[in-house]
Amino acid sequence: MDGLAQVLSGNRYPGRGVLWARTADGALHGGYFLTGRSAASRARELRLDGAGLTVSPTDETAHDPLRHYAAAREAGRWLVYGNGEQVAVVADRLEAGQGPGEALADLAYEPDPPIFTPRITVVADRAGELAWFGAARRSRGGRTATDLLTLAVRELAPGDAVLMTTYRSDGEQVATAEPYHETRTGAADGAQLLDEVWGALTPELRVAAAVFEPGKVTGAALRHA
């Protein structure tokens, strides 16, 4: 099985990514990162607020729902994080009593032709071991309908990690990424996990990254370009 750093460094432009991992100290961690090619995509940062993590502009740019959004939120027993405004939607649904599968069920990919960026979301149970990955992806065929993938991940051993990114790129061509990667991390703790992710991203494209424990998202460790 390829290591996390190997998977990330082999994808020159992964876009945005979500990660669920257990480090060698036994702790479970969520992770989120952004990379960007355009000036607008790079003019962003991850900010801690009273509710969690927000992707915000670093300049005076007006709010853009495709680039500025709640990236991580706690919702009762749940931790929710992902790459768009669906994070707030899913968190509200969970707080209203829906289960993870139902809360993730009718999301749509982003309206950004020609690539139609997938919406990727993780719902982690703060009280247990289970996490659900949700991906809303455009069909690879001729259909414009959204294909919905829901993956339940449980019983990670120390060193296990599951990664989902929006894109796959060799630096020239950009395409929708594989649905997910099962991989391994050598990180001893959350700080080392953040170092591993940040160090594997293409330096000139990386924008921001965060690693956080369930129940402690407002204390996330952050890295910025």
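No value in this document is a laboratory result; all are computed from the given coordinates. As the structure is a computational prediction, the values presented were derived from the model and not from experiment. Here the Cβ positions follow ideal geometry from the backbone for every residue, glycine too, while neighbour counts run over all protein chains shown.
A simple packing score, the average count of other Cβ atoms within 10 Å per residue, orders the peptides 104-110, 121-127 as 121-127, 104-110, with the highest score first.
In region 155-225, the ratio of gyration radius to Kirkwood radius, Rg to Rh, stands at 0.98 when only Cα atoms are counted. Between region 184-198 and region 1-79, the alpha-carbon centres lie 15 Å apart. Across all C-alpha atoms in the chain, the radius of gyration and Dmax reach 15.9, 46 Å. Label separation (Ser139 vs Asp2): 2.9 nm, computed from points 7 Å beyond Cα along the C-beta direction.
Given +1 at the Cβ of Lys and Arg, -1 at the Cβ of Asp and Glu and no other charges, the dipole of the chain around its Cα centre is 320 debye to the nearest 20. Dipole magnitude for region 96-225: computed about the Cα centre from +1 point charges on Lys and Arg Cβ and -1 point charges on Asp and Glu Cβ, it is near 260 debye. For Asp160, Asp112, Asp147, the sequence from fewest to most other C-beta atoms within 10 Å is Asp112, Asp147, Asp160.
Extension gain, Lys216-Ala105: 0.36 nm per intervening residue step, less the Cα-Cα distance, totals 37.3 nm. Here region 32-101 is treated with +1 on each Lys and Arg Cβ and -1 on each Asp and Glu Cβ, and its dipole about the Cα centre works out to around 240 debye.
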